[in-house]
Amino acid sequence: MIPIGDDNRDRTITPYVNYILIAINLIVFIVFQGMGNNLEFTYAFSTVPQEIVTGQDVVTQPQQFQDPSTGQIFTLPGLQPTPISVYITLLTAMFMHGGWAHIGGNMLYLWIFGDNLEDRMGHGRYLLFYLLVGLLASLAHVFASVLIGDNLQIPSLGASGAIAGVLGGYLLLFPRRRVTVILVRVVTQVRAIFAVGVWFVLQLVGGLGTLGGSSDGVAYAAHIGGFIAGLALVKLFDAGRKVQAREL
């Protein structure tokens, strides 16, 4: 199931912050990450759980790998020196991605669901909400990595945790809103509680798979942590804003 839009007929403001967040993500990926090819930059500014736990920058040596299908040998850079406090990588990693599919999926969800929260909260509160749930999502990933004994030197990156928080907030504020989705090659409309609920269940299943020893490279703990943070905090950031007259 892929969401492609929702009902915005009651939106009262232009979601400038949401547009700027999407633009920053795209600029960082295309310009600074070289569309995923500048691994030195990526490995310098990604969140490394060991660095967050110890407060110390970790630098590792490059490693060589052989492609089992072609036999080609390639070199993967190690963790690079971080020219800022390692704790700030909790923020910088939120604006980096691993590839076009990664950033494309994230920006699609942010485009669809973020504007509604910005309309409800206002520009400033929405920005603070987005950054806070993103930071909490990253910390959830670090905590989970320590808890399950994962490799703490594996870097993590992406806006997924922050967007998961947006989804959690959206679900609580707009549970009955109509979301247009592609479902088994059919375009249809479903309630937000179904569209977002299915997404969250998939994250839980993936997270349980990680506990079972399987790994697909997805930071499910960040998704789950961000979603829960969004649910917990959205009412606080929504306080004082006029309630929308109708729930679509």
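Just a few scattered comments:
- Number of positions in segment 168-218 that are modelled with pLDDT of 80 or more and not aliphatic (A, V, I, L, M): 17
- Single residue of segment 145-168 satisfying the filter (surrounded by fewer than 16 Cβ atoms within 10 Å (Cβ to Cβ) and of a type in the set (S, T, N, Q)) that is nearest to GLY78 (Cα to Cα): GLN153
- A Cβ distance below 6 Å, combined with a sequence gap of six or more or placement on separate chains, defines the contacts here; from segment 11-25, residues that are within 12 Å of HIS123 (Cβ to Cβ) reach no residue that is of a type in the set (S, T, N, Q) and surrounded by fewer than 20 Cβ atoms within 10 Å (Cβ to Cβ).
- Subset of segment 33-60 that is surrounded by fewer than 20 Cβ atoms within 10 Å (Cβ to Cβ) and of a type in the set (D, E, K, R) - its residue that is modelled with the lowest pLDDT: GLU40
- Lone unmet requirement of (1) within 16 Å of the chain's Cα centre (by Cα); (2) surrounded by 15 or more Cβ atoms within 10 Å (Cβ to Cβ) for VAL17: (1)
- If you check GLY98, GLY104, GLY122, GLY134 for being in contact with a Leu (Cβ under 8 Å, 6 or more places away or on another chain), surrounded by fewer than 22 Cβ atoms within 10 Å (Cβ to Cβ), under 29 Å from THR180 (Cβ atoms) and small (Gly, Ala, Ser), only one passes: GLY98.
- Enumeration of residues in segment 57-95 that are over 28 Å from ALA137 (Cα atoms) and in contact with a Leu (Cβ under 8 Å, 6 or more places away or on another chain): PRO62, GLN63, GLN64, PHE65
- Among the conditions (1) within 11 Å of PRO155 (Cβ to Cβ); (2) surrounded by fewer than 18 Cβ atoms within 10 Å (Cβ to Cβ); (3) of a type in the set (Val, Ile, Thr), the only one that ILE84 does not satisfy is (1).
- Sole residue being under 23 Å from GLY134 (Cα atoms) and at pLDDT below 90, chosen from ILE73, ILE30, ILE22, ILE2: ILE2
Yes/no per residue for (1) free of Cβ contacts under 8 Å to residues at least 40 places away in the same chain; (2) in contact with a Ser or Thr (Cβ under 9 Å, 6 or more places away or on another chain); (3) farther than 28 Å from GLY36 by Cβ; (4) assigned to a helix (DSSP H, G or I):
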| position | (1), (2), (3), (4) |
| --- | --- |
| GLY161 | no, yes, no, yes |
| VAL166 | no, no, no, yes |
| GLY169 | no, no, yes, yes |
| THR188 | yes, yes, yes, no |
| VAL201 | yes, no, yes, yes |
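- All conditions in (1) over 24 Å from TRP100 (Cβ atoms); (2) crowded, with 16+ Cβ neighbours inside 10 Å hold for GLN64, with the sole exception of (2).
- Here ILE24 meets each of (1) over 30 Å from LEU173 (Cα atoms); (2) surrounded by 10 or more Cβ atoms within 10 Å (Cβ to Cβ) with one exception, condition (1).
The values are calculated or read from the model by the stated rules, or taken from the named source; none is laboratory data. Keep in mind the model is a prediction, meaning the values are calculated, not measured. We place every Cβ from the backbone using ideal geometry, glycine too, and count neighbours over all the protein chains shown.
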